[in-house]
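Here is the structure we will look at.
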């Protein structure tokens, strides 16, 4: 599974590790991902997501339902019916 935030789509970016002598080698800056369970009061269900810490701050600010709805519109999360059908198979 790729290290990508399910709500914001954030993923690792590349860069350079710079030594004291200014020697540069490639490295990647990973996203700070957390596996977290959220209760969605509008649907009455628990939802487990792999989200970045900045997405957790967005959920605290906007609410989980609004963030999930926006992520589904942007294509970061599968649609609700498709996700349930895949889970039952």
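May I ask you to sort 50, 3 by Cβ crowding, counting other Cβ atoms within 10 Å and putting the fewest first?
Numbers: 50 17, 3 14.
Listed from fewest to most nearby Cβ atoms, that is 3, 50.
Between the entries (i) 40; (ii) 31; (iii) 23, the label attached to percent of Cα pairs over 21 Å apart calculated for this structure is (i).
Percent of C-alpha pairs per 10 Å bin in the range 38-79, short distances first: 28, 65, 7. The angle separating the long axis of helix 64-74 from the principal Cα axis of greatest extent in the chain is about 70 degrees.
If you run the Gaussian network model on the chain, springs between alpha carbon atoms under 10 Å, then out of 71, 55, 12 the most flexible one is 12. Only Cα pairs under 8 Å and at least 6 apart count here; give the relative contact order of the chain as a rounded whole percent. RCO, the chain: 27 percent. Over the chain, DSSP H runs of length four or greater, each weighted -39,500 (n - 2.57), average out per residue to a 222 nm ellipticity of -10000 deg cm²/dmol.
So how do 65, 29 line up by other beta-carbon neighbours within 10 Å, fewest first? Intermediate values should be presented prior to the final figure.
Details: 65 15, 29 9.
Ascending Cβ contact count within 10 Å gives the list 29, 65.
Values quoted throughout were computed directly from the atomic coordinates according to the rules given, and no laboratory measurement underlies them. Only a predicted model underlies this, so the values are computations on that prediction, with no experimental measurement involved. All Cβ positions, glycine included, derive from the backbone under ideal geometry; neighbour counts span all protein chains shown.
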